[in-house]
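S.K.: Pasting a structure here, questions to come.
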Amino acid sequence: MPSTTPITKLALIVYVPLALVALAWSWFGGHRLAWSLDASWLSAPYPLRLGLSLALGLALTLVVVTATPVLVRRTAWARELHSELKELIAPLSPSEISLLALASGLSEELFFRGAVQPVLGLFLSSLIFGALHVGPKKVFLAWTFWAFLIGLAFGSIFALTGVLWGPVLAHVGINQRNMTFIRRH
């Protein structure tokens, strides 16, 4: 196994149990499947809802990863946040970035959208998601607010389609591309 950084090891220690808790919460909470809602805003056959979920997830990914470098160039808060996050991400290899993106995207979506959102609703689950993206300095408040907004977007895709795979695709794609951007620039 290739060497991993302490942040990668810690993340896996957190993300694997988080995914298992999400699956158990959904199963024992009566939702049965964390990746699918019994009722969605859109009443359509599953293949159509799946395609729409994936398309919206891809579109959201493209918007966010395109906006990130623009925000870093044009706003002081994004430059400062980029600089702080670079200290954490710079030691990561490309394979570690991909592993973290996949682990965080899948487990956080299973937990926040698949397990928490059906119980607490879109707004509150997004608020908790944002609040958990916090850091030790004031500059990380921008990341917290950004995570809240992105959580609303992920949750809206899930609520609209009843399919979690679009938000998972977006979360993994955004994390992978943005961590790669931060590491390189």
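The values are calculated or read from the model by the stated rules, or taken from the named source; none is laboratory data. What you are looking at is a predicted structure, and each value in this text was computed from that prediction instead of being measured. Note that each Cβ is placed from the backbone with ideal geometry, even for glycine, and that neighbours are counted across all protein chains shown.
S.K.: Among the residues of segment 55-78, are any among the aromatic types (Phe, Trp, Tyr), surrounded by 14 or more Cβ atoms within 10 Å (Cβ to Cβ) and under 17 Å from the mean Cα position of the chain (by Cα)?
M.R.: No, segment 55-78 has no match at all.
S.K.: Something else about it: Within segment 152-164, identify whether any single residue is hydroxyl-bearing (Ser, Thr, Tyr), crowded, with 19+ Cβ neighbours inside 10 Å and touching a residue at least 40 places away in the same chain (Cβ under 8 Å), and answer yes or no.
M.R.: So far as segment 152-164 goes, yes, one or more of its residues are hydroxyl-bearing (Ser, Thr, Tyr), crowded, with 19+ Cβ neighbours inside 10 Å and touching a residue at least 40 places away in the same chain (Cβ under 8 Å).
S.K.: Looking at segment 96-108, can you tell me whether even one residue there is surrounded by fewer than 18 Cβ atoms within 10 Å (Cβ to Cβ) and either farther than 19 Å from SER53 by Cα or more than 14 Å from the chain's Cα centre (by Cα) (or both)?
M.R.: Yes, segment 96-108 contains a residue that is surrounded by fewer than 18 Cβ atoms within 10 Å (Cβ to Cβ) and either farther than 19 Å from SER53 by Cα or more than 14 Å from the chain's Cα centre (by Cα) (or both).
S.K.: Can you name the condition, by its number, that TRP77 falls short on among (1) touching a residue at least 12 places away in the same chain (Cβ under 8 Å); (2) under 30 Å from SER53 (Cβ atoms)?
M.R.: Evaluating TRP77 over (1) touching a residue at least 12 places away in the same chain (Cβ under 8 Å); (2) under 30 Å from SER53 (Cβ atoms) leaves (2) as the failure.
S.K.: Under the condition of being part of a loop (DSSP other than H, G, I, E, B) and loosely packed, with under 10 Cβ neighbours inside 10 Å, which residue from segment 31-48 is modelled with the highest pLDDT?
M.R.: PRO45
S.K.: Residues that are closer than 24 Å to SER156 by Cα and in contact with a helix residue (DSSP H, G or I) (Cβ under 7 Å, 6 or more places away or on another chain), at least 1 per element: which helices (runs of 4 or more DSSP H) completely within segment 49-131 meet that?
M.R.: Counting at least 1 such residues, we get 94-108, 117-120, 122-131.
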